[in-house]
Each structure stands twice: as structure tokens, then as C-alpha cells.
């Protein structure tokens, strides 16, 4: 009985691992094909259309600005409050600025951007492609001689690669501003002085680190969301599961990838 | 009509040839040694109940699956030996109307119909719009080009899908279940439309359906598929008068009683293997 239970368990683990490897392979192929169409599509007479890229940029990037601004601002303010509280014991409250500036540009600006984009677009993209899969629209594309990856994945990939860095810069700026407001209220440091200090602390590498990560996150969101859409099983339940899975996996992938990159970039 | 029959009899002008196609879905054999020819200018109806393998066969004919065993030739070319570009070229000669229409939900009807033109030609917008209107006129949907697919009824969706399938003036048209889910009057309308299109455009048409009335009305030839095998291929009358028992069952809609082995039945219920 126990042996059978163990066998069942190990079989499930094995299947999960095999499934994970399969998903990874699928996503890698998707990335390769997506990039192929972006680079060689025009030559292949299947260009990635400008208007669909612009539409995705609007949808994924521009429309995320309001919520991202609020969240980034709040995040910066919270970090400043916690920092001031912790540093007060040492009488070093004003040191909060240097900690905040580097942490936000290297880490939290890009992380919150990734999470907001994953939550907004990770589900929307998976739902859209999953619905198209079910209503045979993907088949319709293929029989028209339109490569589905070129039509659906490449524009999203371009849009994320363009908008993620911009959104990250904006989120970092908003978070720093949020911290500045708290410093003004709590420590009575004027915004101008605050920004001078921030500017003095930051080095270009901090900003590059955030931007580099934002590109990686953009690729992750594209691949996880589109592959979940393409592989959605039939029916409303399958679609629901695919969108949920997409969001959860997008955010997990972002946080884990962030940790790995931080490990290699800092240590 | 006589000239048409003559050219058809004249010979090897098949637009689709399938030879000994075998297909599996997992362990389950869905197509078993299927061979089939569709000739130029004819309406071939592939008929069968659900689970007969007709949808799978259609996916092979459309090149959505590549045959592992057997050969599928479109316009005389083995689809397993086509490069990506040759495929694209071939697909410009094929139009497909899917069962639920499969119109792109984010685009208007007019944009849907224009889509193949936009992808495959370099016509200017105005010409494309005129061409799409012409095709919408053919399927009696003139004036609907600005509506979204979600605003159309089931029959209109199928007709719009037909317009999109026709817009490149294909040599080969596929129609999946034209009458499924429609009331008899609308379904009969669609049948007439299919006949009219064949006569006006000289296009070869493959229709997949389970509806008997519609099949006999439009078909030049019918292929009856059952459990993955072809029971017979022949002119509509030949099929109607066939004395093959399975076909008679299909035509008279009687269910075939299978003898039940009591032991086997018990074994299946209890799931025991001894």
C-alpha cells in the first residue's frame, strides 16, 4: 500500500517535472519564432505590423500608467516611512535617502512595474489568445497563411520590450517622489534638497540594472502569457484556469528571476 | 452541365488527393486508411456522424496537421514536401469557412473580409474595400461591413466567414458544417448560396457536414466516413441507393444495436481485469 502510494507520488512529481521542461521548451521556441518574425518578417513578406505594435503599446504600456503611478508612489512612500522608523534609533534618519534611491532604481521600480504589467496584461493576453484558440481564429490565421506567432506574439514582444523600460523609469521616478513627500513631511527636507541628494547617490549602473531587468521581465510576461493562451484547454473553465495560471506564473517568474539577477549583479 | 461532366470524366484533374491516410489521437485511431480524391469544379461532401473522423480529416486537408502515415496532395503537391513559402502560396488559393465562422472578434466584418487581402496583396485601401464589399454582396451581407462579429446572428456569421474565404478568389473552398446550428430555412439558403458560388466562380468545394438533406442537395459526390473509415464514395444517388448496412443506418437514422456480451459488460462496469 505504502509502495503504491510512493509510486503514485513519484509518478506525479515526474509528470510535473516533464511538464515543466516541456513548457520551458515551448516558451523558448515561442521566443525564437517571435524574434524571427520581428527581425526577418519583412524579408519573408510577413512583416510585424506597426499598427498592431502601437495598439499593444497603448494597451499594455500607456493604459498601465495611472495604476502604476499610484502603486509606485505609495511604494516609495512606504519605504521611506519604514526607513525613517528603522534609522531613527541610530539618529540617521536622513540616510534614508541614499537607501531609497538605490533600492528603488535597482529593484523596486522595476519589480512593481513587472507585477503591475503581469497582473494587467498577463491575464488579458492569455484570455484573448485562449478565446481565439477556442473559436478557431488561430486555425483561421494559419489557413490564411498568417503565422499566428507573427500576428499575436511578436507585436506583444515588441510592445513590452519598448514600454517596460519606459514604465520602469517612470515608476522609479514616482517611487522616489513618494519617498520625497514623506521626507518633506517627516524630516522637513525640501524636495529640491532631496532630489539633489538622490542624484548624488545614484550612479548610471543603478539605472542600467533596473532597465536590464525590465527587458527580461518583458520577455517573461510575453512568453508566459501567450503560451498559456495557446495551450488553454477547451471551455470556460479551461480559459479561466489558463488566465489564472498565466498571472500567477508571470508574477512568480518575475520575482524569482529578479532574485537570481540581483544575486549575480550585486554579489 | 454535359461539358462539365465530360471534363470531369476526362481525368486526372484532382485538386485534392489523399492516399492511405492514417491518423491517431493518442492511442486512438481516428482515421484508418483513408483515400479520397476531389476533382476540379465539383462539390464533394464529406459526411459522417460525430466521432466519425470528419473534422480530423478536414484538418489534414487544410494542412493544420501533417500526415505521418499516408499522403495528402493539394493541387498535385505533397503537403509534407512544401517549404514555408510554398505553403503560403498554396494557401492563397484556398479559402476556409469554419464552423462558428472564426471571424476575428476585434475587427469589424469588413476588416475581417479584407484581412487576407491585407496580408497577401499590396492593394490600396479603397480597392480592398470595394473587393470586400463585392464578396459581402455575393453572400447577401451588403451594408453589414461596419458591424462587429458579436452583433451578427449565427447564419450571418457563417455567410461573413464565407465572404472572407472567397475574397482571394480561391480555387478550392472548404466549408465546415454550413448548416449546423441553423434553422432549416437559413440552412437551405446557405445550401443555395454554395451552389450559386460554385457555378459563378468555378471553384472546387469541400463541405463537411452531418446533415443529410443539405448533403444530398448540394453534393456532386459524397464520401461517407464512419469510425475513421470511408464506407463509400460516390455520386449522391449512388449513396442514397446504397445497400451497405452502415450507410442505410445513417440514412434512416437508426441506431445500430451491438450484441452485448454479459461477461464483458460486467467486467467493464466493475473495472476488474480478471
Residues of the range B:67-99 classified as in contact (Cβ under 8 Å) with a residue 60 or more places away in the chain, within 12 Å of chain A (Cβ to nearest Cβ) and not in a strand (DSSP E or B), total: 3
Flag for residue B:63 being in contact with a helix residue (DSSP H, G or I) (Cβ under 6 Å, 6 or more places away or on another chain) and either away from chain A (no Cβ under 13 Å) or crowded, with 19+ Cβ neighbours inside 10 Å (or both): yes
Any chance residue B:263 is surrounded by fewer than 17 Cβ atoms within 10 Å (Cβ to Cβ), in the same structural domain as residue B:14 (by TED's automatic domain parsing) and in a helix (DSSP H, G or I): yes
Test result for residue A:166, surrounded by 21 or more Cβ atoms within 10 Å (Cβ to Cβ), within 22 Å of residue A:51 (Cα to Cα) and modelled with pLDDT of 95 or more: no
Verdict on residue B:150 being modelled with pLDDT of 90 or more and within 14 Å of chain A (Cβ to nearest Cβ): yes
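Take the residues in the range A:135-150 that are at the interface with chain B (Cβ under 9 Å from one of its Cβ atoms) and in contact (Cβ under 8 Å) with a residue 12 or more places away in the chain; name whichever of them is farthest from residue A:36 (Cα to Cα).
Kept after step one, since they are at the interface with chain B (Cβ under 9 Å from one of its Cβ atoms), are these residues of the range A:135-150: A:135-147.
Next, only the ones that are in contact (Cβ under 8 Å) with a residue 12 or more places away in the chain stay: A:138, A:146-147.
On the way: A:138: 19, A:146: 14, A:147: 11 Å.
The selected residue is A:138.
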Unmet criterion (only one of (1) away from every other protein chain (no Cβ under 14 Å); (2) touching a helix residue (DSSP H, G or I) at 6+ places or on another chain (Cβ under 8 Å)) for residue A:155: (1)
Boolean, residue A:175 is farther than 30 Å from residue A:95 by Cβ, in contact (Cβ under 8 Å) with a residue 60 or more places away in the chain, more than 14 Å from every other protein chain (Cβ to nearest Cβ) and touching a helix residue (DSSP H, G or I) at 6+ places or on another chain (Cβ under 8 Å): no
Single condition residue B:104 does not satisfy, out of (1) assigned to a loop (DSSP other than H, G, I, E, B); (2) over 18 Å from residue A:141 (Cβ atoms); (3) under 24 Å from the mean Cα position of the chain (by Cα): (2)
Output for the range B:111-130, where each listed residue is away from chain A (no Cβ under 14 Å) and buried (at least 20 other Cβ atoms within 10 Å of the Cβ): B:128
Which numbered condition residue A:178 misses (of (1) more than 25 Å from residue A:32 (Cα to Cα); (2) modelled with pLDDT under 95): (2)
Every residue from the range B:33-66 that is part of a strand (DSSP E or B) and under 13 Å from the mean Cα position of the chain (by Cα): B:38, B:43, B:44, B:45, B:46, B:47
Condition broken by residue A:46, with the remaining ones in (1) surrounded by fewer than 16 Cβ atoms within 10 Å (Cβ to Cβ); (2) in a loop (DSSP other than H, G, I, E, B) satisfied: (1)
Residue tally, condition within 14 Å of another protein chain (Cβ to nearest Cβ) and under 30 Å from residue B:85 (Cβ atoms), over the range A:40-91: 15
All positions within the range A:221-239 that are farther than 10 Å from residue A:126 by Cβ and surrounded by fewer than 21 Cβ atoms within 10 Å (Cβ to Cβ): A:233, A:234, A:235, A:236, A:237, A:238
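The values are calculated or read from the model by the stated rules, or taken from the named source; none is laboratory data. What you see is a predicted model; the values in this text were computed from it and never measured. Methodologically, a virtual Cβ is constructed for each residue, glycine included, from the backbone with ideal geometry; neighbour enumeration extends over all protein chains shown.
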